[in-house]
Each structure stands twice: as structure tokens, then as C-alpha cells.
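J.: Input: one structure, supplied below.
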Amino acid sequence: MEKSNLKTQRSKINNIIKVENLKKIYPGRVPTPALKGVSFDVKAGEFIAIMGRSGSGKSTLLHQLGLIDTPTEGQILINDTDVLKLSDSGKTLYRLQNLGYVFQEYALIAELTALENVYLPAFALGGNNDGYKKRAQEMLEIVGLGERVDHYPNELSGGEQQRVAIARALINKPKILFADEPCANLDSVSSKVVLELFKKLNKELGQTIVMVTHEPEDEKFVDRVIWMRDGLSESP
């Protein structure tokens, strides 16, 4: 019995994300259910892909997990924190301290250099100016852009801009990195560079990554796939 309890405790500790009966219904004259009761776990250090057809609920699910949107019903535990019970300001702080985001459109600020774009989330948390600038430099070196710190987004290729976005997502040492179709705007060569970078971050740094993708070939880079179909998750 004691061994069984210990195993259960370890299992709970290893689950960095636990989702139970997650539902999202968009209001309107005819309410639209986007998520219909999704449940799954993600272990710390996993590289997960959320896959499925267009309209299956992939991005909607990621937005709920990343606290970008609020579900209609259900529970999300991240590192044993019931994040849906946090206040709006509490969610904002939790996102800055624990979560990183990479979007398909890069979301870089045109007037800022690569270095300045990267350290923005650290600047938002406060702290030592030199400290977060040094950290931003380190992150750019990790993604292979150590020589491009003073370049502006319009001086970088699409793949390089996405790597700046990844460096920015890592600046506050997030427990989880969320990526929403990160290669959708990239050519096949740049896409491979980004996916191999994700895999390197996952394997060498133990970074937990949850990525939405519609490309079947991306499956070979990840540990596991959560398949979405009509607002529900399917077992592989």
C-alpha cells in the first residue's frame, strides 16, 4: 500500500499539466461549442504536439492552457496550481513567471532590436537592468542569433524572427513553452531549424513544450501527440 501511494504521489508530481473536462462554448444567437470536455495530462519535460484538422479545437485548447482565454467549464492544474481560480492580475503575473509563448506571426515589435524584443518579458517583471540584458544575450546565443542582437525585425528572415520569438519566450525561464503553429509562416528549411531547436531545448534543457501543429511530418519531432477531433481529445 505504501509503495502504491508513493507511486501515485510521484505520478502527480510528474504531471506539470492536468486538464479535466475542459469546455469552451462561444456565446451567440447559436452558441458554438469549441471544446466539449477535454481531459489529459502532460508530464514535466515532455514535448507534446496537439494535432487535428482545422476547426478541431487545437488553438482554442492551447489558449485555455496558456491562460490567454478562459474556458466555460473544467479545470486546469499547472504545477498543482488551479490557475483558473487566479484573479486577472494573478493570471498575468503567473504567465510572466511560468509560461512562455511562441506564435505563428512572431509578434515582434518593429521598433525594437532583437535584444530589446527578447528582454521585454523580463523587463515587465522588473529586476536588474544588466541582469535581464545579459540573460537576453544568452537566450539569443542559445537560438543561434548571438551575432544579431542589434538587428531589427525587418533585417531578419522569417526563421530568424521566429527564433527571436523563441528566445523571448525563454527569457523568464518558463516551466512550459506554448507554441501555436510556430512554423505556419516559414518555408520547409526554416521550419526544420525551428523544430530541431525545440527538440534541442526539450532534450538538453528539459524544457516542457506544448505545440499546436497541422503538419503530419512534425510528429517525428515530439514525444507524444494529443489528437483533437470535433472539440474532443482522442487517445493515440
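Where a number appears in this text, it was derived from the coordinates with a stated rule and is not lab data. Just so it is clear, the structure is predicted and the values come from calculations on it, not from any experiment. As a convention, Cβ positions derive from the backbone with ideal geometry for all residues, glycine included, and neighbour counts pool all protein chains shown.
J.: Once label points are set 7 Å from the Cα along Cα→Cβ at both Ala44 and Arg29, what is their separation, rounded to one decimal in nm?
T.: Each label point lies 7 Å from its Cα, and together they span 5.1 nm.
J.: Quick check: from the Cα gyration tensor, does segment 61-113 come out rounded (a/c under 1.5), prolate or oblate?
T.: Here segment 61-113 falls in the prolate category.
J.: Using a 10 Å cut-off on Cβ atoms, rank the peptides 64-70, 28-34 from the highest mean neighbour count down.
T.: 64-70, 28-34
J.: Please list, in order along segment 210-218, the HN-Hα scalar couplings obtained from phi with the Karplus expression 6.51 cos²θ - 1.76 cosθ + 1.60 (θ = phi - 60°), rounded to whole Hz, x for Gly and Pro.
T.: Those phi angles translate into 10, 10, 8, 8, 10, 8, x, 5, 5 Hz.
J.: Residue by residue through segment 82-94, what is 3J(HN,Hα) from phi via Karplus (6.51 cos²θ - 1.76 cosθ + 1.60, θ = phi - 60°)? Round to whole Hz and write x for glycine and proline.
T.: Once θ is set to phi - 60°, the couplings for segment 82-94 become 6, 5, 6, 8, 6, 5, 4, 5, x, 5, 4, 5, 4 Hz.
J.: Same structure again: Going by the alpha-carbon gyration tensor, a ≥ b ≥ c the square roots of its eigenvalues, is segment 183-236 rounded (a/c under 1.5) or, if a/c is not under 1.5, prolate (a/b greater than b/c) versus oblate?
T.: Note, shape of segment 183-236 comes out oblate.
J.: Run the quick spin-label model on Leu93 and Glu20: label points 7 Å from Cα toward the beta carbon, then report their separation in nm to one decimal.
T.: According to this spin-label approximation, the distance is 2.6 nm.
J.: I've got another one for you. Separation between the Asp223 and Glu155 pseudo-spin-labels, each 7 Å from Cα along Cα→Cβ, expressed in nm?
T.: That separation, rounded to one decimal, is 3.9 nm.
J.: While we're looking at this one, here's another question. Using amide H atoms built 1.01 Å from N in the peptide plane, name the residues 5+ places from Met211, or on other chains, whose amide H lies under 5 Å from its own.
T.: Residues meeting the criterion, in which the H sits 1.01 Å from N, are Ile48, Ala49, Ile50, Ala179.
J.: Let me ask something additional. Fewest first, what order do Glu46, Glu155 take by the number of other Cβ atoms within 10 Å?
T.: Ascending Cβ contact count within 10 Å gives the list Glu155, Glu46.
J.: Specify whether the C-alpha gyration tensor of segment 113-233 places it in the rounded, prolate or oblate class, a ≥ b ≥ c being the square roots of the eigenvalues: rounded for a/c under 1.5, otherwise prolate if a/b is larger than b/c and oblate if not.
T.: It is prolate, given that a/c is not under 1.5 and a/b is the larger ratio.
J.: Place a +1 charge on the Cβ of each Lys and Arg in the chain and a -1 charge on the Cβ of each Asp and Glu, then give the dipole magnitude about the Cα centre in debye, rounded to the nearest 20.
T.: 900
J.: Please work out how much length the chain gains when fully extended from Asp80 to Asp130, using 0.36 nm per residue of separation minus the C-alpha to C-alpha distance, in nm with one decimal.
T.: 14.7 nm
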